[in-house]
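The structure is given below, and queries will be raised subsequently.
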Amino acid sequence: MKFFSRKNNTEKSANDLAQEKGSISSRLRNALKRTRSGLEDIFAGKREINAEFLEDLESSLIMADIGAQMTDEIIQSLTQSLNRNELKDIDSVKQALRTFLISSLKANASESNISNTEKPHVIFVVGVNGVGKTTTIGKLANNFKKEGKRILLAAGDTYRAAAVEQLQIWGNRIDVPVVAQQTGADSASVIYDAIESARAKDIDVVIADTAGRLHNKDNLMEELVKIKRVASKLSDNAPHEVLLVLDAATGQNALSQMSEFHKAVDVTGLVLTKLDGTAKGGILISLAKQFPVDIKYIGVGEGIDDLKMFEAELFVDALIDF
């Protein structure tokens, strides 16, 4: 799956793309190895496929943070297959599980299209403190720039001087301009100015940082609603995307974060970070089940190129070692 469908003289060859996909698969397998370990134990050996086996599999799926509701649906589906004598061995169970998970995740995975008729395309990046929003913005801007897009960053986290400084460091690193004001400035004003500047300079994409906020603090969530309302004054469709950044280590609490942010600002896409340091990768499956929001990106490392487009097949194959 590609973010843009544009061809040029620098487009990668089929061989290059295959090598890149293989590299991503390897990185993802390494990132999910702790999540996968419990399932590997279940699938090891030549166990009889029966109700006891499915009970053990159920426990492993819950431990992988797939969630009770989604796990129950999986086990019900596998039980029905078992009753129809469709599960003969471990491989048939893994195949059935793979098919179920990919189908669930694909329902929430779709290509994003940046309009070439309405500029700029405005993206808000939201989330609680410490999930990696600013780093995600830098990596995302780098991805867009490699696609030939003109990018502008908005330092909307005006509460912390360090946040503005961090975004400016990213801007210098990838040679992308940053609109910022002094610490304590009105966040909505910063983002408004950034969009206005982008319109004047024919910028393709504005990516706006926002202050990290606890999803259960009503006043902070109301401020986010205000920022969105102010942005819409420059364009009825702005922001065109609202990306919620979630730390994979958050586990099932990610569901409540998603619920509150979605209620406030209509989240359109998810970014799951820090998969390389967690045993909680299965949370994506719970999120896909409960919310009709696209899973856009996953973070598989600390490098500038380690923010990857989400692909259901690669993710599931890494999760269950297929």
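Here, each number is a calculation from the coordinates, and none is a lab measurement. Owing to the predicted nature of the structure, the values given are computational and were not obtained by experimental measurement. When we count neighbours, we look across all protein chains shown, and the Cβ atoms used for this are built from the backbone with ideal geometry, even at glycine.
Highest GNM mean-square fluctuation, the chain, Cα pairs closer than 10 Å: which of A161, A31, A44?
With Cα springs under 10 Å in the chain, the top fluctuation among A161, A31, A44 is at A44.
Of the residues I207, I114, I283, which exhibits the maximal mean-square fluctuation in a Gaussian network model of the chain defined by a 10 Å Cα contact cut-off?
I114
With angles folded into 0 to 90 degrees, how steeply does helix 133-146 sit against the dominant principal axis of the chain? Use alpha carbons for both and round to 10.
Around 80 degrees separate the two axes.
Whose amide H sits under 5 Å from the amide H of I295, counting only residues 5 or more places off or on another chain, with H placed in the peptide plane?
HN-HN under 5 Å from I295: A109, S110, L270.
Around D202, what is the net charge, scoring Lys/Arg as +1 and Asp/Glu as -1 over all other residues with Cβ under 10 Å from its Cβ?
It works out to a net charge of +3.
Please give the helix 33-43 orientation as an angle from the longest Cα principal axis of the chain, in degrees from 0 to 90, rounded to the nearest 10.
Helix 33-43 sits roughly 20 degrees off the main axis of the chain.
At a threshold of 8 angstrom on Cα-Cα distance, excluding pairs fewer than six apart, so keeping six or more, what relative contact order does the range 121-310 reach in percent?
Across the range 121-310, relative contact order equals 25 percent.
What's the angle, to the nearest 10 degrees (0 to 90), between helix 161-174's Cα axis and the longest principal axis of the chain?
With rounding to tens, the tilt is 80 degrees.
Report the paramagnetic label zone for R34: residues of the range 223-263 whose backbone N is under 12 Å from a point 7 Å from Cα along the Cα-to-Cβ axis.
Taking a point 7 Å out along Cα→Cβ of R34, the residues of the range 223-263 whose backbone N falls under 12 Å are 248-251.
Find out how many positive minus negative residues lie around G299, taking Lys and Arg as positive, Asp and Glu as negative, among other residues whose Cβ is under 9 Å from that of G299.
For residues surrounding G299, the net value is 0.
How many nm is it between the label spots at Q76 and S259, if each spot is 7 Å from the Cα in line with the beta carbon?
For Q76 paired with S259, the spin-label model returns 2.0 nm.
Let me ask something else. Using θ = phi - 60° and the Karplus curve 6.51 cos²θ - 1.76 cosθ + 1.60, what whole-Hz ³J(HN,Hα) does each residue of the range 64-71 get, with Gly and Pro shown as x?
Here the 3J(HN,Hα) series is 7, 6, 6, x, 5, 5, 5, 4 Hz.
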